[in-house]
Amino acid sequence: NFEGIGVEFIIKDDSLMVVSVIEGGPSEKAGVLDGDRIVEVGEVEVSQEKLDNKRVMKLLKGERGTRVELGLVRSGSFEHVNVEIERDRIPIYSVVASFVLENEVGYIKINRFSATTAIEFEKAMNEIELEGVNSLIIDLRSNGGGYLNPAVDMIDLFLNKDEEILYTEGNAVARKNYLSRVDGEYKDWPLAIIIDENSASASEIFAGAMQDNDRAIILGRRSFGKGLVQEEYDVPGAGALRLTIARFYTPSGRAIQKPYGKDVNYEHDQIDRFDSGELYFEDSIKVADTVIFRTKLGRPVFGGGGITPDIFIPINNPGSNAVLSELVWTGAIRDAAFSWIDLHRNELPDNLSESSKIWMDINKGGKATIKRVVAEMEMVWPESSTEEGREGIERIMNRFYAQVIRIVEDDNGFYRALYEGDDAIERALYELLEERRFGSRDGRLYLLPEIEPNQSDSLSQTLNIN
């Protein structure tokens, strides 16, 4: 948590554009909307100021309980609105989306592990359970980690009591085992976890524990490889020293931390993965195959840093993604969405996320808006005559559509639209619904190892597969 008025903003032209109003924060309570332009802060007319982030923060920030009056120009109507906001503590959420996919499969996306993540996760689970969900996809892509304890609390929900979650060990630090403390409420749910090269730390601990206990199928790309235990020591007159004392290990004995040292270009690792083709081709994944680790049911898993998924999902074709990447990283596609909403807010249907993209594209000029932005940025719009070009156009328009939904509705709508047709989610659904990947034993589900034809009968008896 932090304190303030509870908005994310960008400096656009001569005003501040509200990119996002934080749910449960003071601005939401005062009626501020995504897309509003802040033109006055107290007695200060923003358009007359030389704006930079430092100056803006000085105007907006203040102690909890203090008040500030904002003059807003409302998106779409250009109506001038004044609101008074009492600064307060701002909640920061880590479970950013939860909804139901097809055939009673739930989807939850977690973007960090904060102090409240386990509580948020259980709340999301309770909500989707009411909609009949009985299997789950957890999306940890681009989750850089955070606190260990919430990750352990979440792992508890999916294991039987006294199963190993992880252990830590160092040259001068004795081994410390972390075991599940209860029979998990969701220990019999089929589970898929999606990771990528930006999933790190607590995300890797979660995925590794599920993989080594044969509790979930892991999809995506090899994770980051961040698994060091550090301890902080005060240094009189010089701040503090963080000393690495141990490493995190998965139950099978794999070190999560990727190699580092004088012979390793640690800082260049992510670029090396891209250059080597690891993000596009499964056979380019670098693993330490001299030692094979085994899951609880004997499936082989490999070390070398990070968690290698059970099923590889390549990153999108770079040729079809170059224009989209530039639009996203520069914020141009977000700005285009705000501009489009300014023109059409009063015409938007009540449930935009349930409306057709065709309505937005053909009737309301969505594609023309983005093509104009691409031309202004001196980029080339993908050719619709090729499969790669059509794929590129589809991805660009899908992102634009999702961005509009995020502004008008919420993050749930954004991620639902963004991940429509997403390769990893589609494959996870297939594994959960079409493949018989899970068998029961000891009162909970296990991911099955690959079965040789002559082993199927005995293994079925062992696992009590129905």
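So here's what we get for this one:
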| read-out | value |
| --- | --- |
| Label-point gap, in nm, between GLU45 and GLU326 - each point 7 angstrom along Cα→Cβ | 3.9 nm |
| Per principal axis, descending, Cα span of segment 104-312 in whole Å | 53, 46, 29 |
| Extension gain from ASP14 to VAL380, taking 0.36 nm per residue of separation minus the Cα-Cα distance | 128.8 nm |
| Neighbour-count order for SER276, SER15, fewest beta carbons within 10 angstrom listed first | SER276, SER15 |
| Principal semi-axes in Å for segment 75-114 [√(5λ), Cα gyration tensor, largest first] | 34, 20, 7 |
| Convex hull volume of segment 149-188 per residue (C-alpha atoms, cubic angstrom) | 57 Å³ |
| Rounded if a/c under 1.5, otherwise prolate or oblate - segment 138-251, Cα gyration tensor axes | prolate |
| Theoretical FRET efficiency, 1/(1+(r/R0)^6), r = Cβ-Cβ of ASN53 and GLN230, R0 25 Å, to 0.05 | 0.25 |
| Surface/4 of the Cα convex hull for segment 100-198, nm² | 7.2 nm² |
| Label-point gap, in nm, between VAL182 and THR66 - each point 7 angstrom along Cα→Cβ | 4.3 nm |
| Span per principal axis, largest first, for the Cα atoms of the chain (Å) | 73, 66, 49 |
| Segment LEU130-ALA368, length gained on full extension (0.36 nm per residue, minus Cα span) | 81.6 nm |
| Length released on extending from GLU3 to GLU282, taking residue separation times 0.36 nm less the Cα-Cα span | 95.9 nm |
| Burial ordering of PHE2, PHE274, fewest other beta-carbon atoms within 10 Å first | PHE2, PHE274 |
| D (Stokes-Einstein, µm²/s), Kirkwood Cα radius, segment 17-166, 0.890 mPa s at 25 °C | 133 µm²/s |
| DSSP H segments from the chain that extend 24 Å or more along their own axis, Cα-based, with Kyte-Doolittle mean of -0.5 or above | 387-408 |
| Taking N as its residue count, the alpha carbon Rg of segment 2-90 over 2.2 N^0.38 Å | 0.97 |
| All lysines inside 23 Å of LYS50 as judged from Cα atoms, apart from same-chain residues fewer than 8 positions distant | LYS12, LYS58, LYS61 |
| Label point distance in nm, ARG74-ASP275, each placed 7 Å from Cα along Cα→Cβ | 5.5 nm |
| Share, in percent, of DSSP beta bridges within the chain that are antiparallel, nearest 5 | 75 percent |
| Test item: Cα-centred dipole of segment 2-90, Lys/Arg +1 and Asp/Glu -1 on Cβ, debye | 280 debye |
| Within segment 1-15: backbone nitrogen closer than 17 Å to the ARG345 label point (7 Å, Cα to C-beta) | 7-15 |
| Inter-part distance where segment 77-136 and segment 213-279 are each reduced to a Cα centre, Å | 29 Å |
| Pairs from LYS123/LYS367; LYS226/LYS296; LYS176/LYS296; LYS123/LYS286; LYS29/LYS367 whose Cα-Cα separation, in the structure shown, is over 29 Å | LYS123/LYS367; LYS123/LYS286; LYS29/LYS367 |
| Cα pair count fraction exceeding 18 Å, expressed as % - segment 318-423 | 44 percent |
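We did not get these values from a lab; they are worked out from the coordinates using the rules stated. Note that the structure is predicted; figures quoted are calculated from it, not measured. Note that each Cβ is placed from the backbone with ideal geometry, even for glycine, and that neighbours are counted across all protein chains shown.
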